[in-house]
Structure formats: structure tokens, C-alpha cells
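Written out below as C-alpha cells is the structure these notes cover.
Read-outs: derived from the displayed coordinates by stated rules, not from any lab. Not measured: the values here are computed from a predicted model. All Cβ positions, even for glycine, are placed from backbone atoms using ideal geometry, and neighbour counts span all protein chains on display.
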Amino acid sequence: MPSNDLESTSNGPADLQPLSAALLALKSIEECERFLRDLLTPGEIKTLVERWRVARLLDQGGFSYREISEMTGASTTTVTRVSRFVTQEPHQGYRMILDRLAKVSS
């Protein structure tokens, strides 16, 4: 049996907590970018950036899924999935951050 979370290979919810704590420890956008560039492959960064751009465009409104797909390069399947997470899924992580950033910028 593993003696600590570094030895575990389950990749379950408990494994997300140390990563979340690491993200919260970042103190600037520069630090965050440096950490993400070390942690993720260029393809993974592209995917995350693409999904975040899709979420912001969905939140902005006024665009069809096809238009968002063309603007971002994301598939319409990805646009649909992100839309579902923005509006319907119980975690509401996208919604929380979109709302928080809207308050900061207003």
C-alpha cells in the first residue's frame, strides 16, 4: 500500500487536491505560466487555452457553436461539451470563474 500521495497511481479525486494546492500557491500570472509550461505539454496547453476561449465566447453570447468552432479551432463537439459544463453540470467551475472575472473587470 502506498505510503503517501506521491506514490499513488490512482489519479483519483485525492490526487487533484495537491495539484489544486499547487495552483493556489502561484502568486502571479508569470508564475502560473511558468508552472503550466513545466507541467503540461504544448498540446495540453493548446487544449486548455482553446476550451477557456470557448467558455468565454459562450459566456459573451451572440455566436453559434459553429462560429465559435471556426473562431477557436475547437471541434463543435468540444464547443457543445464546454457549453454543457458552463450551463448544466454540477461542478460549475467555468461559471464560477467567468462570473468572478466579470466582477473584477467591471
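Just need log10 I(q)/I(0) for the range 41-105 at q = 0.20 Å⁻¹, Debye formula, equal scatterers on the alpha-carbon atoms, no solvent, rounded to two decimals.
Debye output, listed in q order: -0.78.
To the nearest 20 debye, what charge dipole does the chain have about its Cα centre, counting +1 at the Cβ of each Lys and Arg and -1 at the Cβ of each Asp and Glu?
With Lys and Arg at +1 and Asp and Glu at -1, about 420 debye.
Would you be so kind as to identify which of Leu48, Pro18, Tyr94 lies farthest towards the positive end of the dipole of the chain, taking Lys and Arg as +1 and Asp and Glu as -1 on Cβ and the Cα centre as origin?
Of the options given, the answer is Tyr94.
What relative contact order, as a whole-number percentage, does the chain give when Cα pairs under 8 Å and 6 or more residues apart are counted? Mind showing how you got there, number by number?
Details: 47 pairs, mean separation 16.4, N = 106.
For the chain, the relative contact order is 16 percent.
Can you work out ³J(HN,Hα) from phi for every residue in the range 20-31, in order, using Karplus 6.51 cos²θ - 1.76 cosθ + 1.60 and θ = phi - 60°, giving whole Hz and x for Gly and Pro?
My calculation for the range 20-31 gives 4, 5, 4, 5, 5, 6, 5, 10, 7, 4, 4, 4 Hz in order.
Mind ranking 28-36, 90-98 by how tightly packed they are, going by the mean number of other C-beta atoms within 10 angstrom, highest first? Please list the in-between numbers first.
On the way: 28-36: 11.2, 90-98: 13.2.
Taking the mean over residues of other Cβ atoms within 10 Å, the ranking is 90-98, 28-36.
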